[in-house]
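Each value in this text was obtained by applying a stated rule to the coordinates, not by laboratory testing. Owing to the predicted nature of the structure, the values given are computational and were not obtained by experimental measurement. We place every Cβ from the backbone using ideal geometry, glycine too, and count neighbours over all the protein chains shown.
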Amino acid sequence: MADYLALFVGAVIINNFVLTKFLGLCIFFGISKNLSASVGMGMAVTSVMTMSSILAWVVYFFVLQPLGLTFLTTIVFVVLTASFVQLLELVIKKQAPALYNMWGIYLLLIATNCIVLAVPILNVENSYSFLKSIVFAIGSGIGFALALILMASLREKLAYADVPKPLQGIGIAFILAGMLSLAFLGFSGML
Amino acid sequence: MNTPVMIVVVLVGVGAFFGIVLAMANKKFAMEANPLIEEVEDILPKGQCGACGYAGCAKYAEAVVEDPAVPPNLCVPGKAAVAQKVAELTGKRAEATEPKYAFLKCRGTKTAALVTAEYEGVPDCAAAKLILGGPKGCKFGCIGFGNCVKACPFGALSMGADGLPVVAKDICTGCGKCVQTCPQSIIALESFEAPVEVACSSHDKGAVARKLCKNACIGCGMCMRNCAHGAIKLEKNLAVVDAEICRECTEAACLAKCPTKAIGDIVNIHAMAKTA
């Protein structure tokens, strides 16, 4: 149990994908202007990542590994994640229109995102068990959502700040992200 | 078994598997999309300005087709021509869309309004409002840092020399972005046909309002008493014009008696009176 907890906390805070591994930065800077959009995006990424990790785990350990084709991992996972996002979009469009309206455009943004690909790959590279890979994926998703929500809250406050002209917009956002990242570095070595 | 063959088999297998699953899902979860939605969307200007109240043109097209309660004339930049076409397609009655423009309900210019504090912060109305409601004595009026000017997507607003924003009526599309942005909520969308409007938002009592701004509405009620049609009412020391009643009127009785000229003709009412 302690094992799983450590893995979870590690994925959320210590090895936060955005702030310490610098993955998923395109969504991070694109979406974080708005808090409510960030919450939606965080939820969408978490669920897609969890489900695609499960799929990827099954494909890797039951197809690729027995056949000795592990060098195909990246290309197979790309196909897998992209098709899975498409499938999910079709399903929620029909079954849960409210959710679809909330996630709509974000789902497609996720389809080929590096963070969604990174989690399944790390799962199999570290040879996590089935349960562990699920915990790791959920943790990573929550960590991503946490970073996104923190950043969005900061950037909404930035609207009232007197930012020097050359730094306005994305410039100050990068500086903020750097500071956040430094803060998160403080967690390293906790586990 | 040799590897190259296996690579082809696995990749084709995975691709085919997901292809088939997606194809099946597409059939099973097919949405009977109304082709009308696309047609309506084609007509809309696609500025994605959101003036209709929906998140973009596609959403409005969907709403206007699916929901009988959504009127066909919500597209502000599209004006009457678009409303007419949308109404034809959806079988709804097109009510005449009335062109509107942004009207500032404040005349607290640099010379007229008393400044009680010196503000040295970010030049932003919302930020200035946080500190004691802004530098002017009147807490209802224009703060004058031009948040509305920055918000205008069409460049119809500019900051005048007197410290108040100026609306270029010929450019303004009436989208209402400035109305939402103004932290004082003193910009209103006004019809080009509306004859008179009160250019003040102060709810201060007469003496206070007058002390804080020379151009304030002091709530004396002269305009109300001089209006033969009952179109003007006093609400908390501020005259409010009912545009629906006022529209037909060509007398300018209410304007003449206003001691501070806070009520003004916003179309040339005298020209109208002559032709009538």
Built amide H within the under 5 Å cut-off of B:V115, gap 5+: B:G137
Under the span-like rule (Cα at least 27 Å along the axis, Kyte-Doolittle mean at least 0.5), DSSP H helices of chain B: B:3-28
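What is the sum of charges, Lys and Arg at +1 and Asp and Glu at -1, for the other residues whose Cβ falls under 12 Å from the Cβ of A:N34?
Details: positive: A:K33, A:R155; negative: A:E156.
Spelling it out: positives minus negatives among the neighbours equals +1.
Find how much the distance from B:V149 to B:V122 grows on full extension, using 0.36 nm per residue of separation minus their present alpha carbon separation; answer in nm with one decimal. Could you put the intermediate results ahead of the total?
Values: separation 27, 0.36 × 27 = 9.72 nm, distance 1.56 nm.
Length gained, B:V149 through B:V122: 8.2 nm.
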Cα lying deepest toward the dipole's positive end in chain B, options B:V122, B:F29, B:T260, charges on Cβ: B:T260
Candidates B:A117, B:A25, B:A243: whichever shows maximal mean-square fluctuation once chain B is modelled as a Gaussian network with Cα springs under 10 Å: B:A25
Dipole magnitude of the stretch B:37-90 about its Cα centre (Cβ charges: Lys, Arg +1; Asp, Glu -1), debye to nearest 20: 300 debye
Leading residue at positive end of dipole, the protein assembly as shown (Cβ point charges), from A:V63, A:N101, B:P71: B:P71
From phi via Karplus (6.51, -1.76, 1.60), per-residue ³J(HN,Hα) for the stretch A:5-22 in Hz, x at Gly/Pro: 4, 4, 4, 5, 4, x, 5, 6, 10, 6, 9, 3, 4, 6, 8, 10, 10, 6
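What's the ranking of B:223-236, B:56-69 by average number of surrounding C-beta atoms within 10 Å, highest first?
Numbers: B:223-236: 15.4, B:56-69: 17.6.
By packing density, highest mean first, the sequence is B:56-69, B:223-236.
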Whole-Å distance, taken between Cα centres, linking the stretch A:76-140 and the stretch B:121-192: 44 Å
Candidate lysines for bridging to B:K79, where Cα separation is under 17 Å - those fewer than 8 sequence places away on the same chain excluded: B:K46, B:K92, B:K100, B:K169, B:K177
Between 0 and 90°, nearest 10: helix A:170-185 axis offset from chain A longest Cα axis: 60 degrees
Note, ³J(HN,Hα) from phi for the stretch B:134-142, Karplus 6.51, -1.76, 1.60, rounded to Hz, x at Gly and Pro: x, x, 7, x, 6, 8, 9, x, 5
Long-range amide H partners of B:V196 with built H, under 5 Å: B:I266
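Peptides A:147-160, A:39-52: what's the order by average Cβ count within 10 Å, highest mean first?
Numbers: A:147-160: 17.3, A:39-52: 22.4.
Those peptides, ordered most packed to least, come out A:39-52, A:147-160.
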Inter-probe distance in nm under a simple model that places probes 7 Å from Cα toward Cβ, at B:D162 and B:D67: 4.1 nm
Amide H contacts of B:V166 (H built 1.01 Å from N, under 5 Å, at least 5 apart or other chain): B:S158, B:M159, B:G160
For chain B, size of Cβ-based charge dipole, Lys and Arg +1, Asp and Glu -1, in debye: 1100 debye
Most mobile listed residue (A:I175, A:I138, A:I54) in chain A, GNM with C-alpha springs under 10 Å: A:I175
For the stretch A:62-76, 3J(HN,Hα) per residue [Karplus equation, 6.51 cos²θ - 1.76 cosθ + 1.60, θ = phi - 60°, Hz, x = Gly/Pro]: 10, 10, 5, 5, x, 8, x, 10, 5, 6, 8, 3, 4, 5, 5
All lysines inside 21 Å of B:K28 as judged from Cα atoms, apart from same-chain residues fewer than 8 positions distant: A:K93, A:K94
Charge dipole of the protein assembly as shown about the Cα centre (unit charges at C-beta), most positive-ward option of A:G143, B:G133, A:S83: B:G133
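Under unit Cβ charges (Lys, Arg +1; Asp, Glu -1), what dipole magnitude, rounded to 20 debye, does the stretch B:95-189 have relative to its Cα centre? If you can, show how the numbers build up before the last one.
On the way: 10 positive and 7 negative charges, 31 e Å.
That gives the stretch B:95-189 a dipole magnitude of about 140 debye.
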Highest-MSF residue in chain A out of A:T81, A:T20, A:T70 [GNM, Cα springs under 10 Å]: A:T70
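Work out, step by step, the length gained on full extension between A:K33 and A:L176: first 0.36 nm times the residue separation, then minus their alpha carbon distance; give nm to one decimal.
My answer for the length gained is 50.2 nm.
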